[in-house]
Amino acid sequence: EKGNYRHFMQKEIFEQPTVVAQTLQSYLRQADNSIALPQFDFDLSRVRRVTIVACGTSYYAAMVAKYWFEQFARIPVDLDVASEFRYREPVLEDGGLALFISQSGETADTLAALRHCKEQGQTIGVVVNVPTSTMAREADLLLPTHAGPEIGVASTKAFTCQLAVLSALAAHMAVLKGLMSPEEEQRVVEHLLEVPACLNSALDRDEEIAGMAHLIAPARDVLYLGRGPDFPLAMEGALKLKEISYIHAEGYASGEMKHGPIALIDEHVPVVVLAPSGPLFEKTVSNMEEVRARGGKIVLISDREGIAEAGEGCMATIEMPRVHPLIAPIVYAIPVQLLAYHTACLKGTDVDQPRNLAKSVTVE
Ligand code: M6R
């Protein structure tokens, strides 16, 4: 049931503070602010390399996870879209961990990759939203997301719940490897516990973002830029816009702009920049200058500090709460979802059932 919402997608966007909190609750122990994964008989501290495979939005969650696993746990991550993975003859280490991320747990390409890894003797970890799905049944390590049923074809709440699980997993592996002290673990947990409130503040921008849809709706092409763990968010923002508004959009690493896509920039191509303030911010500001110098129109998504520093001359700004870099990708998912949603509404497309798409892709 949609309740008071116009679309399932809209309802699911607004459910995120609740379902992310639910998901986090099952991975965090609030009594002592520590991380507590479900029980399984596999020694995670032995893991030297992780292979992650997924499709679409779940793949972008995997991309964020790669930054986390490498940064916090110093575990190298191989990452692939499922349709490429099997056919490139990947080299898998003996006793390795392969992680599959899926909302539905039925995506054919991801499932085929999972079975391939199983045959190769990998331990199979699955981050999945549908507990009765095939992938959930075939997992050695089941890491459920608790987003509840997702009806809108465009994935929203499943994505942020996947990120919640993956952030806890990456931090837990860092603890197991002795790279994160109990004090640091407590701090990470405190930051994770702040996520639902931060998602609520991001959702407070809904009306403002709805008012920006007219800036995006007439465009033929839109670029999304981000750096570090916010680069996958740029790709996710572009995917959301493509799926439901049918506007061509691309997500790029901010630093890649000058290696090609900058040729596209003119006053008709809106550029959405995801840039929480922090160590990478200055670099992104110079990428914004490159865009502006070519007449590009920027929508800057940042926090108060970032907007104060770089907001001038932007076509629009969207203010996010100031958050720890670990949780920024979870919070910054909201404005890109809302921007796509309102643009699609303005264009009058079928938001919940976009053309040519199925909720679950069960053919390879
Ligand atoms: O159920 P899954 O997470 O395995 O689905 C993967 C993709 O098909 C899915 O994320 C798709 O890209 C969505 N329509 C994105 O909004």
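The values are calculated or read from the model by the stated rules, or taken from the named source; none is laboratory data. As the structure is a prediction and not an experimental result, all values here were calculated from the model. No Cβ is skipped: glycine too gets one built from the backbone with ideal geometry, and neighbour counts run over all protein chains shown. Calculation scope for accessible area: heavy atoms of the full protein, side chains included, ligands and nucleic acids excluded. Shrake-Rupley method; radii C 1.70, N 1.55, O 1.52, S 1.80 Å.
Quick notes on this one:
- Residue in the stretch 163-171 that is more than 14 Å from the ligand (Cβ to nearest atom) and more than 16 Å from the chain's Cα centre (by Cα) present: yes
- Matching residues, the stretch 82-93, being of a type in the set (A, V, I, L, M) and open to solvent by less than 50 Å² (accessible area, probe 1.4 Å): Ala82, Leu92
- Scanning the stretch 318-359 for residues that are under 30 Å from Ala171 (Cβ atoms), surrounded by fewer than 20 Cβ atoms within 10 Å (Cβ to Cβ) and modelled with pLDDT under 95 returns His324, Pro325.
- Within the stretch 280-317, the residues that satisfy the criterion of being open to solvent by 60 Å² or more (accessible area, probe 1.4 Å), farther than 29 Å from Val189 by Cβ and out of contact with any strand residue (DSSP E or B) (no Cβ under 8 Å at 6 or more places or on another chain) are Glu282, Lys283, Glu289, Ala293, Arg294, Ala308, Glu309, Glu312.
- Exactly one residue out of Leu357, Leu346 is closer than 25 Å to Ser104 by Cβ and touching a residue at least 24 places away in the same chain (Cβ under 8 Å), and it is Leu357.
- Check on Ser277, surrounded by 19 or more Cβ atoms within 10 Å (Cβ to Cβ) and within 19 Å of the chain's Cα centre (by Cα): yes
- Scanning the stretch 75-105 for residues that are in a loop (DSSP other than H, G, I, E, B), over 17 Å from Leu143 (Cβ atoms) and either within 16 Å of the ligand (Cβ to nearest atom) or of a type in the set (A, V, I, L, M) (or both) gives Val91, Leu92.
- Only one of the numbered conditions (1) touching a strand residue (DSSP E or B) at 6+ places or on another chain (Cβ under 6 Å); (2) modelled with pLDDT of 95 or more is not met by Glu236, and that is (1).
- Residues located in the stretch 205-227, provided they are assigned to a helix (DSSP H, G or I) and open to solvent by less than 20 Å² (accessible area, probe 1.4 Å): Ile209, Ala213, Ile216
- Taking the criterion of being within 16 Å of the ligand (Cβ to nearest atom), of a type in the set (A, V, I, L, M, F, W, C) and not in a strand (DSSP E or B), the residues of the stretch 240-283 that qualify are Leu241, Ile244, Ile247.
- The listed residue being surrounded by fewer than 20 Cβ atoms within 10 Å (Cβ to Cβ), more than 16 Å from the ligand (Cβ to nearest atom) and in contact (Cβ under 8 Å) with a residue 60 or more places away in the chain, out of Leu176, Leu192: Leu176
- Close pairs from the stretch 142-161: first closer than 21 Å to Ala65 by Cβ and of a type in the set (S, T, N, Q), partner part of a loop (DSSP other than H, G, I, E, B) and within 9 Å of the ligand (Cβ to nearest atom), Cβ under 7 Å, at least 6 apart: Thr145/Asn129; Ser155/Gln103
- Leu111 being part of a helix (DSSP H, G or I), within 14 Å of the ligand (Cβ to nearest atom) and either among the hydrophobic types (A, V, I, L, M, F, W, C) or at negative phi (or both): yes
- Yes/no for Pro149 being crowded, with 17+ Cβ neighbours inside 10 Å and out of contact with any Asp or Glu (no Cβ under 7 Å at 6 or more places or on another chain): no
- Some residue of the stretch 61-73 being free of Cβ contacts under 8 Å to residues at least 12 places away in the same chain and within 16 Å of the ligand (Cβ to nearest atom): no
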